[in-house]
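Have a look at the structure below before the remarks.
The values are calculated or read from the model by the stated rules, or taken from the named source; none is laboratory data. Because the structure is predicted, anything quoted here is derived from the model rather than measured. In this analysis, Cβ positions are derived from the backbone assuming ideal geometry, glycine residues included, and neighbour counts consider all displayed protein chains. We work out accessible area using only protein heavy atoms, side chains counted, and drop any ligands, DNA or RNA first. Shrake-Rupley method; radii C 1.70, N 1.55, O 1.52, S 1.80 Å.
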Amino acid sequence: MSKVRQIQLGELSLLEKYIEICTKHNLRYYALGGTLLGAIRHKGFIPWDDDMDLGMPRKDYEKFLEICQNELPSNVILRIHDDNLGNTSIMDTSLQIEFGGVVCSPFIDVFPLDGYPSDGFHYFLHTNKIKYYRALSKISVINRLHNRDRGFFENSIVKVSKILHLDKLLNTEKINQKLQNTIKKYDFETSDLVGNVLGSYRERELAYKEVFGEPQLLDFETIKISGHADPDAYLTKIYGDYMKLPEESEQKGHFE
């Protein structure tokens, strides 16, 4: 069995425990990004994928954080990320697999889902305020960022920030708190536009609430997972022709 498959099976076990808690306490959740894509295209994990992303409306997410610490097995830890993503990871520490000299354990990322203004003017203001605080947050930890090509504009900002040591002038904790307060401004329950505001695909992860709608159960490996009422609209906005497989060179997991 490959290492990726071992990680996937570990995450599937975590998912079962997570669903058990959500069902018991009547909490809503949705498969996001590649996890939803895997459910629709592969009836399970994308073969080379090794992580899971789930989203919960903010009030369900916060209730989950309150109750799950007492209901998770002793080998499963909750990691609340106090950073510019503001998400939580559920990790199984009993399974450890080495990737490139680094020991990794299976985990599931759980993101809060928030509201977003749908009119053009407030959409523009809210989007750019989030981008501003997110950029400051990254600059404040500039020396901890992974080296990668971010395009000319972002590469220039990173380079200048390192030269001027701008991270010394910024308080990461305060900036992240302002970012989270900004994100929480629009409530999931009362907004027309909703989603994982800080997702990897930025505004492409936003959708009208009817796209999320009443969660529907989808086949995922040996169990059922909760997905959008209109997964096609959500996946098309993010991936375009999502049923088409990417080039083989792009078929790589996060741990690899």
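Observations
- For the range 189-207, filtering for residues that are free of Cβ contacts under 8 Å to residues at least 60 places away in the same chain and more than 16 Å from D53 (Cα to Cα) leaves 1.
- Scanning the range 35-49 for any residue that is out of contact with any Pro (no Cβ under 6 Å at 6 or more places or on another chain) and of a type in the set (S, T, Y) turns up at least one such residue.
- Test: residue in the range 76-93 that is touching a residue at least 12 places away in the same chain (Cβ under 8 Å), in contact with a strand residue (DSSP E or B) (Cβ under 8 Å, 6 or more places away or on another chain), of a type in the set (D, E) and open to solvent by 60 Å² or more (accessible area, probe 1.4 Å): no
- The range 91-131, residues that are in a strand (DSSP E or B) and touching a Cys at 6+ places or on another chain (Cβ under 8 Å): I97, E98
- Every condition in (1) of a type in the set (D, E, K, R); (2) open to solvent by less than 70 Å² (accessible area, probe 1.4 Å); (3) over 25 Å from K237 (Cβ atoms) holds for D53 except the one numbered (3).
- Criterion (in contact (Cβ under 8 Å) with a residue 12 or more places away in the chain, assigned to a loop (DSSP other than H, G, I, E, B) and not acidic (D, E)) met by exactly one of I46, I7: I46
- Residue that is surrounded by the fewest Cβ atoms within 10 Å (Cβ to Cβ), among those in the range 10-29 that are in contact with a helix residue (DSSP H, G or I) (Cβ under 6 Å, 6 or more places away or on another chain) and touching a residue at least 60 places away in the same chain (Cβ under 8 Å): R28
Every residue, every condition in (1) modelled with pLDDT under 85; (2) more than 20 Å from the chain's Cα centre (by Cα); (3) under 30 Å from L9 (Cβ atoms); (4) among the aliphatic types (A, V, I, L, M), yes or no:
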| site | (1), (2), (3), (4) |
| --- | --- |
| F124 | no, yes, no, no |
| H146 | yes, no, yes, no |
| G151 | yes, yes, no, no |
| I157 | yes, yes, no, yes |
| L164 | yes, yes, no, yes |
| Y201 | no, no, yes, no |
| Y208 | no, no, no, no |
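- Here the range 229-249 is the region considered, the condition is being of a type in the set (A, V, I, L, M) and open to solvent by 80 Å² or more (accessible area, probe 1.4 Å), and the residue that is nearest to A31 (Cα to Cα) is M243.
- For the range 179-193, the set of residues classified as out of contact with any Ser or Thr (no Cβ under 9 Å at 6 or more places or on another chain) and either under 22 Å from I142 (Cα atoms) or of a type in the set (V, I, T) (or both) consists of Q180, T182, I183, T190, listed by residue number.
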